[in-house]
1. Please work out the FRET efficiency for the pair E607 and Q761, using the Cβ-Cβ distance as r and a Förster radius of 51 Å; give the result to the nearest 0.05.
2. Which order, highest average first, do 576-584, 221-229 follow once you tally other Cβ atoms within 10 Å for each residue and take the mean per peptide?
3. Express in nm, to one decimal, how much length is gained between L65 and R398 on full extension, taking 0.36 nm for each residue of separation and deducting their alpha carbon distance.
4. Treating the beta-carbon of each Lys and Arg as +1 and of each Asp and Glu as -1, no other charges, what is the dipole magnitude of the chain about its Cα centre, to the nearest 20 debye?
5. Could you state the number of Å between the C-alpha centres of the stretch 410-472 and the stretch 685-756?
6. Show me the ranking of peptides 300-309, 55-64 by mean Cβ neighbours inside 10 Å, starting with the highest.
7. Counting Lys and Arg as +1 and Asp and Glu as -1, what is the net charge of the other residues whose Cβ lies under 9 Å from the Cβ of Y165?
8. Within the set K474/K544; K227/K255; K544/K592; K474/K554; K83/K227; K474/K592, which residue pairs have Cα atoms separated by over 21 Å?
Amino acid sequence: MNIPTTKFGISQPASRVEDVRLVTGRGRYTDDIAPAKALFLYVVRSQIAHANITAVDIDEARVSLGVHAVYTAVDFDGVMENKMAGIPVENVDGTTAPIPYRPILASKRVLFAGEAVAMVVADTLKNARDAAEMILIEYDYLPTTMDLDFAGEVLHDEAPNNLAYDWGFGDRIATNAAFEAAAHTVSLDIEHNRVICNSMEPRTCYAEVDGDKMHLCFSGQGVWGMKRTLAGAFKMEPENVRITNPDVGGGFGMKVHAYPEYLMAAFAAKQLGQPVRWNPDRSEAMLSDNACRDLTTVAEGAFDENHKLIALRINSISNLGAYSSGFGQNIQSTLAQKVFPGVYDVQIGYFGVKGVYTNTTPVDAYRGAGRPEAIYVIERLMDHASRQFGMDQSTLRRKNFISASQMPYTSLAGELYDTGDFDKILNRGELEADIAGFATRKEQSATNGKLRGLGLCFYIESILGSPQETTRIKFVDDGIMNLYVGTQSNGQGHETAYTQLVCEKTGWDPAKVNIIQGDSDAIPVGGGTGGSRSVTMQGNSLYKTSDVMINALKSIASDELEVGSGDVDFNDGAFEIIGTDRRITLPQIVEKAQEKGLNDILDQSIEYDLPGRSYPNGAHYCEVEIDAQTGYTQVVKYTVVDDFGLLINPMLAEGQVHGGVVQGIGQAITENTVYDETGQLLTGSFMDYGMPRASDVPMMDFHAELIPSTANEIGMKGCGEAGTVGALAAVMNAVQDAVWDRGIEHVDMPVTPLRMWTWLQGAQ
C-alpha cells in the first residue's frame, strides 16, 4: 500500500479541526437550526406506571392560548400507523420472539411512567405546557411488575409470565458434561445496574413539510434507518423523505433508534402545514430515553486440574422494560455473544439469556451494547476464580489466553480474531501500571485510613453495525473537496480523522476539505455511527473512493503529461511519469477537468464492503482507595494498554478511551437508576442521579501496543467503545481487591458510599 506522508496525515496527533467551530459557539445543533417560525411540541406523559386509560379530556387544552392542535392516538387514524418497531431474536426452541405492540401515543393502556398519551402543539413552549396542564386523563390502576422473577402482572398477551424471549447459544449438553468432569468449578452471581445515558445534548428534533417532501432533522446517530421508518409510517415514497443530523452532542447508542417523539413531530407538521420542533428538559429525557444495561447473571467456569478453563456457562435475565425497543432483545443476546468467551482459549460453553418485561422505561443500546456486559461477567468471574485458586490476577489469565501463535483464531462464538498478542499487552500493562510498586502504595493508603485495591480487566470487543459504508468525493469551485460520509459524528472527532485520511491518500490541502454528513439527500446509503465502526468503516471506504477518483483522473493527467495512462503513477499528491521527475499535482488536474467541463469525473462514490470485523483489545488496570469510615470509593490510578491496530490519530483515540472509561467509572461507582414499587422513577434529575464528575476521575495513563488488523486495508480495529468495555470490570475488581481482606467476598455495582459503608459495617 502506497501511503504518502503529509503534515496532516494518519498516525499523527493532530488537533481536532471541528473544535474551533464547536468551542466558539458556532456549532449547529438541532435546536440551533430549527425554523424560526416552528411551533412547539409538548408531550403529555403518563404519571402512572401501569393503568388502563378510561378517559382523556382535551377540550379545554384545545382552546388554550396559542394552541394550534392537541392530538391523541385517534388522530393518527388514516394518516399513519400508531406503532413502533423492534427487532426480535430467535428463541432456543427455534421460534421467533414476539415484538408486542408499542404505540406512539398510548390509547388504551400505559405501561411505564413517562409513556406518551397526548401531544400539544402551540406557538411557544410555555403555551404548550400550560395547555398540557389542562388535559385530564383518567386511569384505572393496575398492579406494577418490577421484579425479574417472571411472576408479576402480565404486561403483554404475547409474553406469558412476562418472558420476552428465551435465547441461547452454545452446546448446553457438552457444557454440562464438562462441568461434571471438571477438577474445579467456580460460580459468581452478578448484578448489572440500570443506568441512564444522559448525553450532553438531549434528544431533539424538528419536522417540516414542503409539498410532497417531508424533512425531519433530529439529534441522532445516522439518517437512513429513520428515513425508512418515516417513509413506512406515512406510506411515502423514500425519495420524498429527507432526514438530517446536524452537530450532535453525544449519542452513545441511545440515539440510534427512532423514538415516538420524532414521529409525533412529523405528524404534526404534516397536519398543520407548519414546522414543528421538540426539545425536552432533562427530567423528561430521563423518563423517556431508552434506559441501559439492567440484568442479573449467574456466571460459572469449569477448570481442569491445571486451572485451564475447559468450559464457561453464563445465564442472564435481562430487563427489557415495558416494551421491546429497537435492538432491545439483541443487546444482551446476539450482540453480547460476539465477545463470548473474551480472550480465553475455550471451545465449550453455553450462553443463555431470558428477557423480561417490567413497568419501566424500555432498555436499549448504550456504549458497547452488550460487549461491556459480557466482558464484565467474564472478567469478574476470572478474578473470582483467581482468588479461589490462590493466584494473582494475571497468572490465571495468562494460563488461559489465546496465544499469538494461535492467531487467526475462531472463537467459541464463531468470531474470527485476526490478530492479537494478549500476553504482550499484559506484560506492557504490568510495567506501565507499576504493579511492582502497588504494595508500597497500598501501605501508604493504609496509613491514611484508606483501603487500596488493584483491579485488572483484559477485554476484547467486536466492531458492530452495517458491514457496508459509502463515501463520496466531489471537487467543487475554489479548490474545495467535498467529502460526503455515511457515518455521523457525535463528538468523536470524525471531521479530523477523515480529513487526515483523505489528505494522507491524496495529498490535498486539509484546509480545503469539507466534511458533509447526516443528510439522506446528499448520500443515499450509510451505516451511521455506533459499535466502534465509524472510522474503520468510513476510513476504508474513503481510501477505496480516493483510489477510484485518482484512477478516473489518470486519463486527464496522462493527456497533460503526453504519455499513456500506463506510464503514469500517483505519489505524494501528484501524477508523475514513472521513472522521471515530470509531474502534475492533483489540484492542477482537478482545475484542468473543471476547465474542460468534466464535472462528472470530479464526483465519485462507492459503497465499500468490509471483508471482516476487527477486534480491539487491551488491559485496563485500576486502583481505588476506599475510606473505611465513610465508604467513599475513589479511583486514584488508571492505566490502559490498548491494541487498536493502526491509530489514525493517537490523540483522538486517547480521548475516546478517556470518555469511555469515565462512563464505566460512572456506572461502577456513582450511577444507578432507582424505581419504587409502583414504578415511579426516584432518580429523575441530577439532584438524585449520580453523574460522574471530574473529581471522581484521575488522569488516565494511555498506551498503545499496536498489532494491525488483517481484516481491512488500513489495519484499524476501532476504539470508540473500548474504554467502557474494559472499565467496568477493572474498577469493580479493584473494589473487590480492596475489601477482600475485610471479609467482603462479593461486591456489585454501583459502589455508592452507603452500600460500601453497609458492607464494611456488616463485615465487622
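1. Efficiency for this residue pair is about 0.25.
2. The densest-packed peptide leads the list: 221-229, 576-584.
3. Going from the current span to full extension adds 112.9 nm.
4. Using Cβ point charges on Lys, Arg, Asp and Glu, the chain gives about 440 debye.
5. Here the two parts' Cα centres lie 10 Å apart.
6. 300-309, 55-64
7. -1
8. Over 21 Å apart, Cα to Cα: K544/K592.
Quick note: the coordinates plus some simple rules give every number you see, no bench work behind them. Please read all numbers here as calculations on a predicted model, not as lab measurements. Note that each Cβ is placed from the backbone with ideal geometry, even for glycine, and that neighbours are counted across all protein chains shown.
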